[in-house]
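K.L.:
Quick one: the structure is below, and I'll ask about it shortly.
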There are 2 protein chains.
Amino acid sequence: SEIGPDLLRVIERSFSLHRTHSLKDMENIFQLVRNVIPPLTGKRHKGQDGRIGIVGGCQEYTGAPYFAAITALKVGADLSHVFCTKDAATVIKSYSPELIVHPVLDSPNAVHEVEKWLPRLHSVVIGPGLGRDEVLLENTKGIIEKSKVKGIPIIIDADGLWLISQQPSLIQGYQRAILTPNYMEFSRLYEAMLRDPVDSSDHHGCVLRLSQAMGNLTIVQKGERDLISDGEKGK
Amino acid sequence: SEIGPDLLRVIERSFSLHRTHSLKDMENIFQLVRNVIPPLTGKRHKGQDGRIGIVGGCQEYTGAPYFAAITALKVGADLSHVFCTKDAATVIKSYSPELIVHPVLDSPNAVHEVEKWLPRLHSVVIGPGLGRDEVLLENTKGIIEKSKVKGIPIIIDADGLWLISQQPSLIQGYQRAILTPNYMEFSRLYEAMLRDPVDSSDHHGCVLRLSQAMGNLTIVQKGERDLISDGEKGK
C-alpha cells in the first residue's frame with residue numbers, strides 16, 4: 001500500500017527536524033515502524049503481506065538489487081522478485097535462497113517477461129544496480145510504462161533516476177511514484193526539471209519545487225537528514 | 001520410513017485441535033519429534049538414517065528445493081539429493097556444500113538420469129521450485145511413475161500438486177504418497193477431484209473427502225493449523 005499523508009507527516013517529524021530524539025520521539029518511531037511492518041500472524045497466507053519486484057542487476061552491479069530485495073523481506077514482505085540480466089542472475093540467486101530471480105532484463109522480450117509478473121506484484125522498485133546500458137534502459141522504460149498502465153506503485157532509485165533525468169515525462173504526473181535520489185541524483189534531476197542549480201540555502205524548498213515540477217510525485221531526498229515532499233507537505 | 005497410523009494420530013492431536021498446548025502436550029510433541037529424528041550414534045554409517053531426493057529447481061526458482069533438501073538434513077537425514085535444471089544446479093550447489101545436486105531435470109534423458117538414483121533413495125519429494133514448464137512437468141511425470149514402480153514413498157508439494165491437479169490418476173491410489181497442499185493448492189485439487197468448491201465450514205471433512213477421492217493418500221493441508229487425513233482418520 002502507499003504512504004499516506006499521516007505517515008508522511010510522522011516520517012517528516014521523526015527524521016527531518018534538526019534536533020536530537022527524545023524518548024517520546026523514539027516511541028513515535030517505533031509506532032511508525034509498527035504501522036509499516038505487517039504483524040506476524042497465522043491468519044494470512046504467503047503473498048498477502050507484500051509481493052515486491054526489483055528491476056536492476058547487470059554485469060557490473062549485483063549487490064544493490066540484492067539489498068533492495070532482501071530488505072523488503074526483512075521489513076515484512078512475503079515475496080521478493082528480482083528482474084536482472086542473465087549473468088547477474090546466477091550471482092544474485094546465490095546470495096540468498098529467499099529471492100526469486102528472473103534472468104530476463106537483457107533478453108529480447110524483456111518487457112513482456114516482466115509484464116507477465118506485474119499482476120502479481122504490489123509494487124516495483126526500478127533502478128538498483130541497473131547501470132546505464134542503452135538496451136537495459138530501453139527495457140526499463142518499457143517496464144515503467146507497463147507498470148503505470150496497471151497502476152502499480154513505482155519506487156525509482158539509482159540509475160532509474162538517471163533514466164528519469166533524461167526523460168522526465170516517463171514518470172511525470174504519475175502520483176503512485178516515489179523517487180529516492182541521493183544528493184547528486186537530486187541535483188541532476190533538479191537541474192533537468194527546473195533549469196536552475198539547487199539552492200543550497202533552501203534544501204526543503206528545492207525538494208518541494210522538484211516534487212511540484214514532477215507533478216506531485218513523492219520525492220525522498222536521502223542524506224544526513226532525509227527530506228520528503230509530495231509538493232504540498234514538506235515545506 | 002512412512003508415517004504410521006499411531007504417529008498420524010499423535011500429530012493430529014498435537015497440531016490440529018483448537019487449544020493451547022499444556023506441558024503434557026509439549027512432552028508428547030518432544031516425544032513425537034524424538035520418534036521422527038534418528039538418534040545420533042556411531043553405530044550407523046552414512047546413508048542409513050535417510051537418503052532423500054528432491055525433484056525441483058528451475059530457471060525462476062532455486063530457493064524452495066534448497067530449503068526442502070537442507071531441512072531433510074537438519075532433521076536427521078544423512079544425504080539430500082536435488083534433481084533440477086542445469087542452470088539452477090550451480091546456484092543450488094552454491095547455497096550449501098552439504099547437498100548433492102544433479103543438473104539433469106531439463107536433459108533429454110532426465111527420467112533415466114533420476115531413475116538410476118532411485119534404488120538408493122528412501123523417499124522423493126516432488127515439486128519444490130519445479131515451475132510449470134511443459135518439458136519439466138513431463139519429465140517429473142516420468143519420475144513419479146518410476147518411483148511408484150519401485151514402491152518409494154513420494155511427497156508431493158508446490159507445482160508437483162499443480163501437475164497432480166491436471167492428472168490425478170498419476171498418483172491416485174498410491175498409498176505411499178503424501179500430498180502437502182497449502183490452502184490454494186488444496187482448493188485446486190479438491191475442485192479437480194470432487195467437482196465442487198471447498199466447504200469452508202468443514203475443513204476437516206474436505207481434507208477427509210479429498211483423501212478418499214484420491215484413494216486414501218495422506219493429505220496434509222498446511223495452514224494456521226495443519227489438517228491431516230488418510231481418508232479414515234482426521235474426521
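K.L.:
Scan segment A:131-153 residue by residue and report those that are outside any helix (DSSP H, G or I), more than 19 Å from A:ALA64 (Cα to Cα) and open to solvent by 80 Å² or more (accessible area, probe 1.4 Å).
P.N.:
A:LYS150
K.L.:
Against the definition (in contact with a Pro (Cβ under 9 Å, 6 or more places away or on another chain) and modelled with pLDDT of 95 or more), how does B:GLY76 come out, yes or no?
P.N.:
Taking the combined requirement at face value, the residue does not satisfy it.
K.L.:
Report, by residue number, each residue of segment B:60-78 that is assigned to a loop (DSSP other than H, G, I, E, B) and surrounded by 19 or more Cβ atoms within 10 Å (Cβ to Cβ).
P.N.:
Going residue by residue through segment B:60-78, those that are assigned to a loop (DSSP other than H, G, I, E, B) are B:60-62, B:75-78.
If the condition is that a residue be assigned to a loop (DSSP other than H, G, I, E, B) and surrounded by 19 or more Cβ atoms within 10 Å (Cβ to Cβ), then B:GLU60, B:TYR61, B:THR62, B:ALA77 are the ones that fit.
K.L.:
Shifting gears a bit: Among the residues of segment B:53-92, what is the count of those that are closer than 25 Å to B:LEU163 by Cβ and free of Cβ contacts under 8 Å to residues at least 12 places away in the same chain?
P.N.:
Of the residues in that region, 1 qualify.
K.L.:
Could you list all residues from segment B:104-114 that are open to solvent by 60 Å² or more (accessible area, probe 1.4 Å), in a helix (DSSP H, G or I) and closer than 17 Å to B:GLY160 by Cβ?
P.N.:
First pass over segment B:104-114, keeping only residues open to solvent by 60 Å² or more (accessible area, probe 1.4 Å): B:106, B:108-109, B:112.
After this cut, where a residue has to be in a helix (DSSP H, G or I) as well, the list is B:112.
Correct list: empty.
K.L.:
So which residues in segment A:188-203 are under 22 Å from the mean Cα position of the chain (by Cα) and open to solvent by 60 Å² or more (accessible area, probe 1.4 Å)?
P.N.:
A:ARG188, A:GLU191, A:HIS203
K.L.:
Still on this structure: Within segment A:110-120, count every residue that is of a type outside the set (Gly, Ala, Ser) and more than 14 Å from every other protein chain (Cβ to nearest Cβ). If you could, list the steps in order and put the result at the bottom.
P.N.:
Taking segment A:110-120 and keeping what is of a type outside the set (Gly, Ala, Ser), we get A:111-120.
Now narrow it down to the ones that are more than 14 Å from every other protein chain (Cβ to nearest Cβ): A:111-112, A:115, A:118-119.
So the answer is 5.
K.L.:
Does any residue in segment B:203-221 that is over 12 Å from B:PHE186 (Cβ atoms) come within less than 6 Å, Cβ to Cβ, of a residue that is among the basic types (Lys, Arg) and at pLDDT below 95 six or more places away or on a different chain, and which pairs are these?
P.N.:
B:LEU208/B:LYS235
K.L.:
Exactly one of these conditions fails for B:PRO197: (1) part of a helix (DSSP H, G or I); (2) in contact with a Ser or Thr (Cβ under 9 Å, 6 or more places away or on another chain). Give me its number.
P.N.:
Looking at each condition in turn, B:PRO197 falls short on (1).
K.L.:
Among the residues of segment A:151-160, is any within 14 Å of chain B (Cβ to nearest Cβ) and in contact with a His (Cβ under 8 Å, 6 or more places away or on another chain)?
P.N.:
There is no residue in segment A:151-160 that is within 14 Å of chain B (Cβ to nearest Cβ) and in contact with a His (Cβ under 8 Å, 6 or more places away or on another chain).
K.L.:
Okay, next question. Just to check your reading of the model, which residue among A:HIS45, A:HIS81 is within 14 Å of chain B (Cβ to nearest Cβ), part of a strand (DSSP E or B), over 14 Å from A:GLY127 (Cβ atoms) and of a type outside the set (Val, Ile, Thr)? Step through it out loud before you land on a result.
P.N.:
Numbers: A:HIS45 fails: part of a strand (DSSP E or B).
It is A:HIS81.
K.L.:
Condition test on A:ILE126, is it farther than 13 Å from B:GLU60 by Cα and within 14 Å of chain B (Cβ to nearest Cβ)?
P.N.:
Details: farther than 13 Å from B:GLU60 by Cα: yes; within 14 Å of chain B (Cβ to nearest Cβ): no.
No; evaluated as a whole, the condition is false for this residue.
K.L.:
Residues of segment A:168-187 being under 12 Å from A:ALA158 (Cβ atoms) and either open to solvent by 50 Å² or more (accessible area, probe 1.4 Å) or not in a helix (DSSP H, G or I) (or both), which ones?
P.N.:
A:LEU179, A:THR180, A:PRO181, A:ASN182, A:MET184
A quick yes/no check of all residues on (1) of a type outside the set (Ser, Thr, Tyr); (2) under 18 Å from the mean Cα position of the chain (by Cα); (3) modelled with pLDDT under 95:
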| residue | (1), (2), (3) |
| --- | --- |
| B:CYS206 | yes, no, no |
| B:SER211 | no, yes, no |
| B:GLY215 | yes, yes, no |
| B:GLY223 | yes, yes, yes |
| B:LYS235 | yes, no, yes |
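K.L.:
Pick out the one residue from B:HIS112, B:HIS122 that is touching a residue at least 60 places away in the same chain (Cβ under 8 Å) and over 30 Å from A:THR85 (Cα atoms). Give the steps one after another, and end with the answer.
P.N.:
Numbers: B:HIS112 fails: touching a residue at least 60 places away in the same chain (Cβ under 8 Å).
The unique qualifying residue is B:HIS122.
K.L.:
Now, a different point. Taking the residues in segment A:48-57 that are touching a Leu at 6+ places or on another chain (Cβ under 8 Å) and closer than 30 Å to B:LYS222 by Cα as candidates, determine which candidate is farthest from the other protein chains (Cβ to nearest Cβ). Let's see the steps before the verdict.
P.N.:
Filtering segment A:48-57 down to residues touching a Leu at 6+ places or on another chain (Cβ under 8 Å) leaves A:50-53, A:55-57.
Those left that are additionally closer than 30 Å to B:LYS222 by Cα: A:50-53.
Values: A:GLY50: 17, A:ARG51: 14, A:ILE52: 15, A:GLY53: 13 Å.
Filtering segment A:48-57 for residues that are touching a Leu at 6+ places or on another chain (Cβ under 8 Å) and closer than 30 Å to B:LYS222 by Cα, the one farthest from the other protein chains (Cβ to nearest Cβ) comes out as A:GLY50.
K.L.:
Something else now. Just checking, does segment A:119-130 include any residue being open to solvent by 20 Å² or more (accessible area, probe 1.4 Å), at pLDDT 95 or above, touching a Lys or Arg at 6+ places or on another chain (Cβ under 6 Å) and not in a helix (DSSP H, G or I)?
P.N.:
For segment A:119-130, residues open to solvent by 20 Å² or more (accessible area, probe 1.4 Å), at pLDDT 95 or above, touching a Lys or Arg at 6+ places or on another chain (Cβ under 6 Å) and not in a helix (DSSP H, G or I): present.
K.L.:
Further question on the same structure: So which residues in segment A:92-103 are open to solvent by 10 Å² or more (accessible area, probe 1.4 Å) and more than 9 Å from every other protein chain (Cβ to nearest Cβ)?
P.N.:
Result: A:TYR95, single match.
K.L.:
Using the structure shown, decide if B:GLU60 is acidic (Asp, Glu), within 14 Å of chain A (Cβ to nearest Cβ) and at negative phi.
P.N.:
Spelling it out, B:GLU60 is indeed acidic (Asp, Glu), within 14 Å of chain A (Cβ to nearest Cβ) and at negative phi.
K.L.:
Are any residues in segment B:211-225 within 14 Å of chain A (Cβ to nearest Cβ) and open to solvent by less than 30 Å² (accessible area, probe 1.4 Å), and if so, which ones?
P.N.:
Hit for segment B:211-225 is B:GLN221, nothing else.
K.L.:
Within segment A:18-34, is even one residue open to solvent by 40 Å² or more (accessible area, probe 1.4 Å), in contact with a helix residue (DSSP H, G or I) (Cβ under 9 Å, 6 or more places away or on another chain) and at pLDDT 85 or above?
P.N.:
Taking every residue of segment A:18-34 in turn, at least one turns out to be open to solvent by 40 Å² or more (accessible area, probe 1.4 Å), in contact with a helix residue (DSSP H, G or I) (Cβ under 9 Å, 6 or more places away or on another chain) and at pLDDT 85 or above.
The values are calculated or read from the model by the stated rules, or taken from the named source; none is laboratory data. Model, not experiment: these values are computed from the prediction. Virtual Cβ from ideal backbone geometry, glycine too; neighbours counted across all protein chains shown. The protein model used for the area step is the full one, side chains on, heavy atoms only, and it has no ligands, DNA or RNA in it. Shrake-Rupley method; radii C 1.70, N 1.55, O 1.52, S 1.80 Å.
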